[in-house]
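Presented below is the structure to which this report refers.
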Amino acid sequence: METLRKGVRRVVLFQASLTLLVAAVFGYTRDRADFFSALYGGATAMLLSAWLGFGVWRSRGLGSLYANAITRYGIAVLCLGLGLGILKLAPLPLIAAFAVAQFGFLANVRSATDARREPD
């Protein structure tokens, strides 16, 4: 249980650092609106990672894990649609930060999995 919490915390903090890096690049090279768009995209990815950790923590079986995955896709579409459609955020920084943070999730989880494997 505590290992899961630490893992989720590590992944979300790594995503936060990547998000801040991408937002800083967009803020420096473009303007403040792009900075906030990138923050929104990265925050969406962090929310999804935290939701995944919470869903795994409270899962009761395979069905609840599938329901969690479907819910995560729904939240992703809702948040990205809200940011692009209603809030009128800039699409390039929002999607770029979202993608970088998601790749950060994959890289961080993969490196943690590789580190736990015992050598043959």
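Mind counting the residues in segment 27-66 that are in a helix (DSSP H, G or I) and either more than 15 Å from residue 89 (Cβ to Cβ) or among the small types (Gly, Ala, Ser) (or both)? First the steps, then the outcome.
Going residue by residue through segment 27-66, those that are in a helix (DSSP H, G or I) are 27-29, 32-57, 62-66.
Narrowing the set further to residues that are either more than 15 Å from residue 89 (Cβ to Cβ) or among the small types (Gly, Ala, Ser) (or both) leaves 27-29, 33, 37-38, 41-43, 45-57, 62-66.
The total comes to 27.
Under 9 Å between Cβ atoms, at least 6 apart or on separate chains: pull out the pairs that start in segment 73-95 with a residue that is touching a residue at least 24 places away in the same chain (Cβ under 8 Å) and assigned to a loop (DSSP other than H, G, I, E, B) and end on any residue that is buried (at least 17 other Cβ atoms within 10 Å of the Cβ) and of a type in the set (S, T, N, Q).
Cβ pairs passing all conditions: 87/37; 89/37; 90/37.
Please give the number of the condition residue 59 fails out of (1) surrounded by fewer than 18 Cβ atoms within 10 Å (Cβ to Cβ); (2) touching a Gly at 6+ places or on another chain (Cβ under 7 Å); (3) polar (S, T, N, Q).
Tallying (1) surrounded by fewer than 18 Cβ atoms within 10 Å (Cβ to Cβ); (2) touching a Gly at 6+ places or on another chain (Cβ under 7 Å); (3) polar (S, T, N, Q), residue 59 fails exactly one: (2).
Yes or no, residue by residue, for (1) buried (at least 17 other Cβ atoms within 10 Å of the Cβ); (2) modelled with pLDDT of 75 or more; (3) over 23 Å from residue 10 (Cβ atoms):
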site: 81; (1), (2), (3): no, yes, yes
site: 85; (1), (2), (3): no, yes, yes
site: 88; (1), (2), (3): no, yes, yes
site: 91; (1), (2), (3): no, yes, yes
site: 99; (1), (2), (3): no, yes, no
site: 104; (1), (2), (3): yes, yes, no
site: 112; (1), (2), (3): no, no, no
site: 115; (1), (2), (3): no, no, no
site: 119; (1), (2), (3): no, no, no
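The values are calculated or read from the model by the stated rules, or taken from the named source; none is laboratory data. Because the structure is a prediction, the values reported are computed rather than measured. When we count neighbours, we look across all protein chains shown, and the Cβ atoms used for this are built from the backbone with ideal geometry, even at glycine.
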